[in-house]
Amino acid sequence: MASLHILRSGPHSLVIDKGRVGFQDIGVSPGGAADQHAYNWANRLVGNPANSAALEITFGGVELQFSHACRIAVCGANMPLSLSPANSAKQVNLWQSIDISAGQTFKLAAARTGLRSYLAIQGGLRVHQELNSYSSSPRQGLGPFNGRALKMGDQLPYLPVSQFAKRLTQQTPVRFVPNYQQPLKLALIPGYQFSQFSPQQIDLLTKQTYHISDLSDRMGIRLEGEAFATPPKSLESEAIAQGAVQVPPNGLPIILSVDRQTVGGYPKLGCISRLDLFALNQCRPQQTVQFYLSSQQQQRQRWLAFERYFSW
């Protein structure tokens, strides 16, 4: 078995897949890839099954060494890539497959745009599942290394490339590569508590531009802007869905993400679409977002098209 050696882990690197689905009733949040668009493309480029274990690398600053030859792909935030010793014939780029030789060192510098990149190895990382998922969950102690983020000296097993048929370089079509710097519009699907907010509050929500707070993380994205003067009072705690937009007493929305708590009592406007949540999880602090109202049917069609495309 080949090994991926972590020489430098960066600020926050995790083993992930699509998440630990079906355990919220026992208090386990799903976790998984914060941006499934980039994660799916990384696995697709190396021919992996859609839910294969990969790495989520936040901010960059990572250095890895591969014990055996393999094929990888890195998709997501614009992190400059380099190989040592360098491949003489080919440039190393994001959003395409990359052939790695035994013993090569691979570096990802600090992200220039975007926040998270996904590194997939052909055949997937050979780690054990816990509650039907490979994903690390630091808050819950689940997944590889008891859920913690990777650190220098860790090793992750993978299958060497000799066990796979040789393939030509694969590349993501340009139209599928996001621009992480453009302002983001979030489709809000109203929930059953939407009527508790006044028309003036909804008008304020949809007309203003919010900034992403420095306090945002994989649990939730906090927004900065003009607050609701008198938000609805907190309610009895209940289950919380991915992408839920809750409004705490300070009147500024929080969008709940993949590592969210499983229950909460703050009033909720509804949920943003899953595809918009993936894009939101690539936004850096102080980038801007706006809301617009949409319907469950419209966003379901977007999601089904996404699922069909990545059902290989």
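The values are calculated or read from the model by the stated rules, or taken from the named source; none is laboratory data. Source: prediction; values computed, not measured. Neighbour counts run over all protein chains shown; Cβ positions are idealised from the backbone, glycine included. Ligands, DNA and RNA are excluded from the accessible area calculation, which covers all protein heavy atoms including side chains. Shrake-Rupley method; radii C 1.70, N 1.55, O 1.52, S 1.80 Å.
Taking the range 208-247, which residues are over 22 Å from SER195 (Cβ atoms), open to solvent by 50 Å² or more (accessible area, probe 1.4 Å) and part of a strand (DSSP E or B)? If the condition is that a residue be over 22 Å from SER195 (Cβ atoms), open to solvent by 50 Å² or more (accessible area, probe 1.4 Å) and part of a strand (DSSP E or B), then HIS211, ARG222, GLU224 are the ones that fit. Within the range 79-100, being of a type in the set (S, T, N, Q) and open to solvent by 60 Å² or more (accessible area, probe 1.4 Å) holds for SER84, SER88, GLN91. Could you tell me whether the range 233-242 includes any residue that is touching a residue at least 24 places away in the same chain (Cβ under 8 Å), under 23 Å from LYS185 (Cα atoms) and in contact with a strand residue (DSSP E or B) (Cβ under 6 Å, 6 or more places away or on another chain)? Within the range 233-242, one or more residues are touching a residue at least 24 places away in the same chain (Cβ under 8 Å), under 23 Å from LYS185 (Cα atoms) and in contact with a strand residue (DSSP E or B) (Cβ under 6 Å, 6 or more places away or on another chain). The one condition from (1) closer than 19 Å to ALA279 by Cα; (2) open to solvent by 50 Å² or more (accessible area, probe 1.4 Å) that GLY22 does not meet is (1).
Taken together, the residues in the range 281-309 that are assigned to a loop (DSSP other than H, G, I, E, B) and under 23 Å from ASN179 (Cβ atoms) amount to 8.
The number of residues in the range 132-153 that are crowded, with 16+ Cβ neighbours inside 10 Å and assigned to a loop (DSSP other than H, G, I, E, B) comes to 9. Selection of first residues in the range 203-231 that are more than 25 Å from ARG116 (Cα to Cα) and of second residues that are assigned to a strand (DSSP E or B), restricted to Cβ pairs under 6 Å at least 6 apart or on distinct chains, gives the following pairs, ordered by first then second residue: LEU205/PHE291; THR206/PHE291.
Scanning the range 116-153 for residues that are more than 29 Å from LEU280 (Cβ to Cβ) and of a type in the set (D, E, K, R) gives a single hit, ARG126. If the condition is being outside any loop (DSSP other than H, G, I, E, B) and open to solvent by less than 10 Å² (accessible area, probe 1.4 Å), then the range 187-207 contributes ALA187, LEU188, LEU205. In the range 253-270 there is at least one residue that is within 23 Å of the chain's Cα centre (by Cα), within 19 Å of PHE197 (Cβ to Cβ), without any contact (Cβ under 8 Å) to a residue 60 or more places away in the chain and part of a loop (DSSP other than H, G, I, E, B).
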